[in-house]
Protein chains: 4
Amino acid sequence: MKTKNKIREAALIDRKTITVRFSEVDSMKVVWHGEYIRYFEDGRESFGKHYDGLKYIDIYDSGYMAPMVELNCQYKQSLTFGEEAIVETRYIPTSAAKIMFDYTIYRASDNAVVATGSSTQVFINGQTRELELNSPQFYLDWKQRWIK
Amino acid sequence: MKTKNKIREAALIDRKTITVRFSEVDSMKVVWHGEYIRYFEDGRESFGKHYDGLKYIDIYDSGYMAPMVELNCQYKQSLTFGEEAIVETRYIPTSAAKIMFDYTIYRASDNAVVATGSSTQVFINGQTRELELNSPQFYLDWKQRWIK
Amino acid sequence: MKTKNKIREAALIDRKTITVRFSEVDSMKVVWHGEYIRYFEDGRESFGKHYDGLKYIDIYDSGYMAPMVELNCQYKQSLTFGEEAIVETRYIPTSAAKIMFDYTIYRASDNAVVATGSSTQVFINGQTRELELNSPQFYLDWKQRWIK
Amino acid sequence: MKTKNKIREAALIDRKTITVRFSEVDSMKVVWHGEYIRYFEDGRESFGKHYDGLKYIDIYDSGYMAPMVELNCQYKQSLTFGEEAIVETRYIPTSAAKIMFDYTIYRASDNAVVATGSSTQVFINGQTRELELNSPQFYLDWKQRWIK
C-alpha cells in the first residue's frame with residue numbers, strides 16, 4: 001500500500017523548457033551560477049500551473065506567502081548562451097507545513113544533467129507575516145486533489 | 001538673475017563610487033548594458049541620501065510612489081569586472097510633478113566618460129495608484145529646502 | 001519605388017510572448033523598470049531567430065560583436081507577476097554600420113501598450129575590439145536576404 | 001599543534017557591509033532569495049581582496065577559472081530595502097583542489113543572523129576548461145602565505 005502511494009506521490013513532476021539568455025551568461029561564456037536560482041523558480045511556477053493551485057498567486061490569494069528557507073544547488077556541467085535546458089521540478093511529499101521540491105536541469109541537446117537542486121519553503125500569514133506551524137487549508141486541499 | 005539661479009540649481013549633484021561585480025559582466029567581459037539601469041538607481045538613491053528627503057523610502061512614507069516613465073542611456077566606453085566607476089547624478093529642476101535626473105558614469109581610473117543617461121519619474125498615489133498631476137507637498141518642501 | 005521599398009522594409013517585425021517572473025516584480029508589485037531592458041533583449045534575440053542570421057551568436061561567429069550604444073524606454077503602464085506580454089521588435093532600416101530596433105511591449109490580456117523603446121548597436125571587431133566604420137559583410141548579406 | 005593550526009586557519013574571515021538595493025527587493029518587500037547568491041559573491045570578492053591573491057581576477061590571471069560546484073543557503077530572517085547587512089565570509093581549509101567558504105549574513109542594525117550558506121568551487125584550466133585534480137601552484141602559494 002505504502003509503496004504504491006509513494007510511487008504515485010513521486011509522480012508529481014513538471015518539465016519546463018527554458019532558453020539561456022545573453023544576460024544570464026558570465027564572462028566565462030556560461031550561465032552564471034546565480035541564474036539557476038531563477039531557473040528553479042521558473043520550474044516551481046511551471047509546476048504550480050501544471051498541478052493547478054500552487055502558483056505564487058494561488059498562495060497569495062489564499063492569504064499566505066511561501067518564503068524560501070533552504071536552497072541547495074549542485075553544478076555538474078555548464079550551459080551557454082542560446083542553449084535550451086529542461087527544468088524538471090519534482091514535488092517532495094511531506095506532512096510538515098512546508099513545500100519541498102527537487103530539481104534537475106538537463107541540457108536539451110544531449111539530455112546531460114547540468115545541475116541538481118532542492119528547495120524548502122514555509123508558510124507565513126500574508127498579513128501578520130507570522131510563521132504558520134500547520135499547513136494552510138488551501139495547501140491541504142491541493143494535496144488532497146493532486147496527491148490523494 | 002535667471003543665470004544665477006540656474007547655476008545654483010545645477011549644483012544638486014551627487015557622486016557615488018561603485019565597483020563592478022562579476023555577475024554584472026557579460027560574455028564580452030564588459031558590464032552588460034542593462035546593469036547601467038541599476039547603476040542609475042544606485043545614483044538616485046545616493047542622491048536622495050545626500051539631499052535628504054528624496055530616497056525611495058521618503059517618497060513611500062509620504063504616501064507616494066515614483067514610477068519611471070522615461071529612461072535613456074548612451075554607452076560611450078565599457079567597464080570590466082572589478083573596475084571602479086563614479087555615478088554622477090544631477091537633479092534637473094522642473095516645475096512639473098516630476099523627478100528628473102541626468103547621469104554621467106565615469107571610470108574611476110582615468111575619469112573617462114563611460115555612459116550618460118537621463119530619467120523621468122512621476123508621482124502616483126500609494127493607495128489608489130492614480131497619477132498625481134500636481135507635485136506632492138513633500139516634494140515641494142524638498143525643493144524649498146534644497147533648491148533655493 | 002522608394003515608398004514601396006520602405007513599406008517592405010518596415011515589415012521586419014517579430015513578436016515574442018513573455019511571462020513576467022516573480023523575481024522581475026518589485027515591491028510595488030509591478031515589473032521593475034530595469035527588467036524591460038531584458039525584455040528588449042529577448043525581443044532582439046527572437047527577431048534574430050525569425051529573420052535568421054542576426055542572433056548574437058551569428059554576429060559572434062562572423063567575427064564581430066554588437067555592443068549597445070543607445071537605449072531608450074518609455075513606460076506607459078505596468079505589468080504584474082504572472083502576466084503575459086508581447087514584445088514587438090521592429091527593425092529600423094539604416095545604411096549606417098548600425099543595428100537599430102524599435103520596441104513595443106503589449107499586455108497580452110488587453111493589448112494595451114505597456115512600454116515603447118529603441119536601441120542602437122554598433123559593430124566592433126571581435127579580436128581587436130575596434131569600431132567597424134563600415135557594415136560587416138555578413139550584415140550586408142543579411143540585409144540583402146531579408147530587406148530587399 | 002593541530003588544534004592551534006586549526007584555530008589559526010579558522011581566522012580567515014572577511015566582513016563586508018552591503019546596502020539592499022530597491023531592485024533586489026521583491027513584491028513581499030524583502031530581498032528576493034536569489035539575491036543572496038550575489039551577496040555571497042560580494043563576500044568572496046571582498047575576501048579575495050582582504051587576503052590578497054584569491055580574487056576572480058587573480059585566479060584568471062594565473063590561468064584558471066573557479067566555477068561553482070555546490071551552493072547552499074539557509075534563510076533565517078528577511079532584509080528590506082535600504083537596510084545594511086554584513087556578509088561574513090569564512091574560508092574553510094581543505095587539502096583538496098577546491099575553494100570552500102561558509103557565509104553568515106547579519107542585519108547591521110541588530111546583528112541578527114539573516115542567512116547562512118556555503119559554497120564549493122573547483123579549478124579548471126582557463127584554456128582547455130578541463131578540471132584540475134591538483135591544486136594550482138598559485139593556490140598553494142596563497143595558502144602558504146595566508147594559512148601556513
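Our helix-only sum for chain D, with -39,500 (n - 2.57) per DSSP H run of n ≥ 4 divided by its residues, gives a mean residue ellipticity at 222 nm of -8000 deg cm²/dmol.
Rounded to the nearest 10 degrees, the inclination of helix B:35-50 to the longest alpha-carbon principal axis of chain B is 50 degrees.
Per the rotation superposing chains C and B, the chain C residue found at the smallest beta carbon distance from the axis is C:72, 2, distance in Å.
Tell me whether the protein assembly as shown comes out rounded, prolate or oblate; compute the Cα gyration tensor, take square roots of the eigenvalues as a ≥ b ≥ c, and use a/c under 1.5 as the rounded threshold. The shape class here is rounded.
Look at the stretch C:29-41: the mean tally of other chain Cβ atoms within 10 Å of its residues' Cβ atoms is 6. For segment C:1-112, the C-alpha radius of gyration sits at 1.17 times the compact-globule guess of 2.2 N^0.38 Å, with N the residue count. In straight-distance terms, cross-link reach from residue A:148 covers every one of the aspartates and glutamates whose alpha-carbon lies under 13 Å from its own, apart from those fewer than eight places away in the same chain; here that gives A:9.
Close amide H partners of residue D:64, meaning residues 5 or more places away or on another chain with modelled amide H under 5 Å apart, are D:126. So what's the angle, to the nearest 10 degrees on a 0 to 90 scale, between helix D:137-146 and the longest Cα principal axis of chain D? It works out to around 70 degrees. Put a dot 7 Å past the Cα of residue C:52, heading toward its Cβ, do the same for residue B:15, and the two dots end up 5.3 nm apart. Starting from the Cα of residue C:49, draw a straight line to each of the aspartates and glutamates and keep only those under 16 Å, dropping any in the same chain fewer than 8 residues away. The qualifying aspartates and glutamates are A:83, A:84, C:14, C:41, C:58, C:61, C:88, C:141.
Of the cross-linked pairs B:76/D:55; C:16/C:98; A:55/B:55; C:76/C:98; A:55/C:16; B:76/B:143, those separated by over 29 Å at the C-alpha level are A:55/B:55; B:76/B:143. Label-to-label distance, residue D:145 versus residue B:29, with points set 7 angstrom from Cα along the beta-carbon direction: 2.1 nm.
Coordinate-derived values only; no laboratory data. Just so you know, these numbers come straight off a predicted model, no measurement behind them. Positions of Cβ are backbone-derived with ideal geometry, glycine not excepted, and every protein chain shown enters the neighbour counts.
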